[in-house]
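Trainee: If you scroll down you'll find the structure; I have some questions about it.
Derivation of every value follows stated rules applied to the coordinates shown; laboratory data play no part. Note that the structure is a prediction, hence the values are computed from the model and not measured. Please note: Cβ atoms are built from the backbone with ideal geometry, for glycine as well, and neighbour counts cover all protein chains shown.
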Amino acid sequence: MGNIRANPRINLTGIIEPVEAARNKAAEIAGVQTFASLKEALEKELTAGTFFEGVVICTPTYTHTDLIKEALTAGKHVMCEKPLGHDVKTIDGLYALSTETKKHLLCGFHRRWDPNFAGVRTAVLAGACGKIHKIKSISRDNPVPSIEYLKISGGIVHDCASHDIDMLTWVLGTYPTQVYALAHCHDPEIKKLDDFDSVELVFNFPNQVIGTVDVTRKAVYGYDQRLEVVGDGGLVRADNHPKTSVVVADVSGFKHDAGRYSFPTRYPEAYSGELEHFVDLMKGIAAEPYLSGQHLHNITKILDAAAEAAKHGSIVQVDYS
């Protein structure tokens with residue numbers, strides 16, 4: 001809500017929040033009308049006339065699909081952080097509905113709007129690495145998500161590695177043909193969910209490029225987010241963000257602050273940037289969402305293959321049909 005209220009191009013006209021206490025607090029902070037459900041807000045339009053053009057969905061993942069359908073069917077543009085759904089049939093159906101209703105559907109893989117990762121891609125496309133040999137993305141959580149969240153997260157591959165896979169395919173401009181995985185679980189509570197907390201994915205991309213995704217649920221030293229591309233012409237990489245750039249050096253070595261605590265503090269520019277793109281879509285400045293339905297189809301196929309590979313410790317072919 002903070003980014004929406006801070007954006008001068010957006011007129012926040014209503015907040016939907018099913019929990020009454022949170023709804024009352026939101027109304028007090030934002031000073032706008034609130035609703036217990038999207039259905040209630042749409043019914044208000046029947047009597048008051050149209051008062052909102054787009055919907056930004058910031059709800060638990062298992063609610064995304066139904067809310068997207070409801071909003072698109074009502075003739076609203078929709079922005080929703082990933083995942084839109086957990087299977088290809090659902091993803092394809094949502095984008096078909098977007099086409100049918102002629103309303104934009106923006107899936108928010110927010111890292112694309114991070115200036116650091118975008119800078120890596122710009123440098124790579126400009127030839128800074130020469131012929132690319134390897135690309136690696138690292139994502140290590142801080143803090144460890146709650147068990148309540150992990151139960152509905154869709155698993156570490158779909159929940160965490162999806163961002164990294166999007167980065168790899170975005171920078172390379174192509175999709176992998178195979179994936180191999182190793183996965184383990186060190187946390188007994190996560191193990192009870194039949195999930196993992198540490199996963200390594202290795203992708204075979206066209207032109208003999210090796211892609212690696214390193215994800216884990218626990219990084220006690222801070223939120224760990226890195227991207228690296230290496231080729232015969234050089235190296236391009238984006239490192240972590242310490243809280244400040246202050247460095248203290250003495251005989252024991254060099255010391256700097258710990259990394260950012262978690263994703264809200266690591267990616268403020270990214271969340272603002274994707275929101276700007278959504279506004280451009282609604283205003284007709286941008287013709288198509290930065291992430292297409294075909295891309296989401298492909299990413300979901302890759303995630304399915306990666307999850308299977310992690311489960312069995314095997315090599316899996318990625319079938320994009």
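Trainee: Residue 180 to residue 146: extension gain in nm, 0.36 nm per residue of separation minus the Cα-Cα distance?
Mentor: Length gained, residue 180 through residue 146: 9.4 nm.
Trainee: List the residues, sorted by chain then number, that are 5 or more residues from residue 196 or on another chain and whose placed amide H is less than 5 Å from its amide H.
Mentor: Sorted by chain and number, the residues that satisfy this are 156.
Trainee: Can you give the helix-only mean residue ellipticity at 222 nm for the chain, where every DSSP H stretch with n ≥ 4 adds -39500 (n - 2.57) and the sum goes over all residues, rounded to the nearest 500 deg cm²/dmol?
Mentor: Only helices count here, giving -11000 deg cm²/dmol.
Trainee: Find the centroid of the Cα atoms in the stretch 30-57 and in the stretch 181-245, then give the distance between the two in whole Å.
Mentor: Cα centres, the stretch 30-57 to the stretch 181-245: 40 Å.
Trainee: What list of ³J(HN,Hα) couplings, whole Hz, do you get for the stretch 194-206 from phi and the Karplus terms 6.51, -1.76, 1.60, once you set θ to phi - 60° and write x for glycine and proline?
Mentor: Couplings: 6, 10, 10, 10, 9, 9, 10, 10, 10, 10, 9, 9, x Hz.
Trainee: Which residues' amide hydrogens lie under 5 Å from the amide hydrogen of residue 16, considering only partners 5 or more residues apart or on another chain, with H built in the peptide plane?
Mentor: Those lying under 5 Å, H to H, from residue 16 are 35.
Trainee: Residue-wise, which Karplus ³J(HN,Hα) couplings in Hz belong to the stretch 272-283, taking 6.51 cos²θ - 1.76 cosθ + 1.60, θ = phi - 60°, and x for glycine or proline?
Mentor: So the J values, rounded to whole Hz, are 5, x, 5, 5, 4, 5, 4, 5, 4, 5, 5, 8.
Trainee: With unit charges on the beta carbon (Lys/Arg positive, Asp/Glu negative), name the residue among 109, 86, 42 whose Cα is farthest towards the positive pole of the charge dipole of the stretch 3-116.
Mentor: Highest projection toward the positive end goes to 109.
Trainee: Then there is this: Across the stretch 125-142, in residue order, what do the Karplus-derived ³J(HN,Hα) couplings come to in whole Hz, using 6.51 cos²θ - 1.76 cosθ + 1.60 with θ = phi - 60° and x for Gly and Pro?
Mentor: Karplus-based 3J(HN,Hα) across the stretch 125-142 equals 5, 7, x, 4, 8, x, 6, 6, 9, 9, 9, 9, 10, 10, 9, 10, 6, 7 Hz.
Trainee: Would you please classify the overall shape of the stretch 202-321 from the alpha carbon gyration tensor, given that a ≥ b ≥ c denote the square roots of the eigenvalues, rounded means a/c under 1.5, and beyond that prolate means a/b larger than b/c while oblate covers the rest?
Mentor: oblate
Trainee: Let me ask something else about it. How many percent of DSSP beta bridges within the chain run antiparallel, rounded to 5?
Mentor: 65
Trainee: Rounded, prolate or oblate: pick one for the stretch 2-110, where a ≥ b ≥ c are the square roots of the eigenvalues of its C-alpha gyration tensor, a/c under 1.5 means rounded, and failing that, prolate if a/b is larger than b/c, else oblate.
Mentor: Prolate is the answer for the stretch 2-110, as a/c is 1.5 or above and a/b outweighs b/c.
Trainee: To continue, here is another question. Rank the residues 104, 241 as a footprinting-exposure proxy: fewest other Cβ atoms within 10 Å of their Cβ go first.
Mentor: Ranking 104, 241 by Cβ neighbours within 10 Å, fewest first, gives 241, 104.
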